[in-house]
Amino acid sequence: MAAYNLQSAPLVPLKYIALFGTGAFIMRSAGCTINDMWDRNLDKAVERTKIRPLAKGDLTWNQAFGFLALQLSAGLCVLLQLNWYSIVLGAASLPLVTLYPFMKRITYWPQAVLGLTFNWGTMLGWAAVASAVNWAVCLPLYAGGVCWTLVYDTVYAHQDKKDDVKVDIKSTALLFGDRTVPILSALSASSMSLVSFAGYLNGQGLPFYAGVGLATLQLARVLRKTEWDDRALDYALSIGGLL
């Protein structure tokens, strides 16, 4: 969107798509490592996660820490390809990455913290292209992304809800309960509205809104077809359908 706004050369968005795709893969995997390190004891009590390497005992905590160091080093290498404004902005997301695994212990809104973490790239991407952030466009885009994450990760959390109660893990799936569908429908509408508003402020063309329309249809399909007490189906719909 920043490249579109600035009318940059076609190679500019391609360059940053490659960089951010690589960076997202590395840092999301680092986030998974952190999560598994902090949750290794809790994971033993959850059916879906008890076979993870740390929970199962196939890896030690020190081995996982060494792997995390490699992941963070690789992520830093990607970050250093950006301008200094972006480097500082990117580094500012690390507290969220680190704190997220603890949120399920203290709040029923860990999915909101995940949304704040995963969607940091909406601001970082703009900064990388423009050496600054257009907050008027990026804030509604960021908020729309947070709502999107709340939807798919709540669907995802429903598969673990029975085990979560036993080990006192909190989630929006437990918080919303029987109200899940109307709440997620409202969050879906909010997400698409905010993303559309960001597109309007950025002067996007019809292809952008066609993409938003397809995303809206996909959200509606997932919410309509999900069997909320079927672990296998929840997983397939949340990951395959939304991510």
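The values are calculated or read from the model by the stated rules, or taken from the named source; none is laboratory data. As the structure is a prediction and not an experimental result, all values here were calculated from the model. All Cβ positions, even for glycine, are placed from backbone atoms using ideal geometry, and neighbour counts span all protein chains on display. These area figures cover heavy atoms from the full protein model, side chains too; ligands, DNA and RNA do not enter into them. Shrake-Rupley method; radii C 1.70, N 1.55, O 1.52, S 1.80 Å.
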query: What number of residues within the stretch 69-111 are out of contact with any Leu (no Cβ under 7 Å at 6 or more places or on another chain), in contact (Cβ under 8 Å) with a residue 40 or more places away in the chain and open to solvent by 50 Å² or more (accessible area, probe 1.4 Å)?
result: 7
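Would you confirm whether any residue within the stretch 115-131 is at positive phi and either open to solvent by 30 Å² or more (accessible area, probe 1.4 Å) or in contact with an Asp or Glu (Cβ under 9 Å, 6 or more places away or on another chain) (or both)?
First pass over the stretch 115-131, keeping only residues at positive phi: 131.
Okay, now just the ones that are also either open to solvent by 30 Å² or more (accessible area, probe 1.4 Å) or in contact with an Asp or Glu (Cβ under 9 Å, 6 or more places away or on another chain) (or both), so 131.
Within the stretch 115-131, one or more residues are at positive phi and either open to solvent by 30 Å² or more (accessible area, probe 1.4 Å) or in contact with an Asp or Glu (Cβ under 9 Å, 6 or more places away or on another chain) (or both).
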- prompt: Identify, please: which residue in the stretch 1-25 is more than 17 Å from Asn119 (Cβ to Cβ) and either touching a strand residue (DSSP E or B) at 6+ places or on another chain (Cβ under 6 Å) or of a type in the set (Val, Ile, Thr) (or both) and is, among those, least open to solvent (accessible area, probe 1.4 Å)?
  reply: Val12
message: Can you pull out every residue in the stretch 1-34 that is at pLDDT below 85 and within 13 Å of Gln81 (Cα to Cα)?
response: none
field: helices (runs of 4 or more DSSP H) within the stretch 142-243 that include 1 or more residues modelled with pLDDT under 90, of a type in the set (Ser, Thr, Tyr) and surrounded by fewer than 20 Cβ atoms within 10 Å (Cβ to Cβ)
entry: 231-235
- prompt: Would a scan of the stretch 44-62 turn up a residue that is buried (at least 16 other Cβ atoms within 10 Å of the Cβ), in contact (Cβ under 8 Å) with a residue 24 or more places away in the chain and assigned to a helix (DSSP H, G or I)?
  reply: no
task: Determine, yes or no, whether Trp135 is closer than 30 Å to Gln81 by Cα, free of Cβ contacts under 8 Å to residues at least 40 places away in the same chain and loosely packed, with under 14 Cβ neighbours inside 10 Å.
output: yes
- prompt: Exactly one of (1) within 22 Å of the chain's Cα centre (by Cα); (2) open to solvent by 30 Å² or more (accessible area, probe 1.4 Å); (3) more than 22 Å from Leu114 (Cβ to Cβ) is unmet by Arg40. Its number?
  reply: (3)
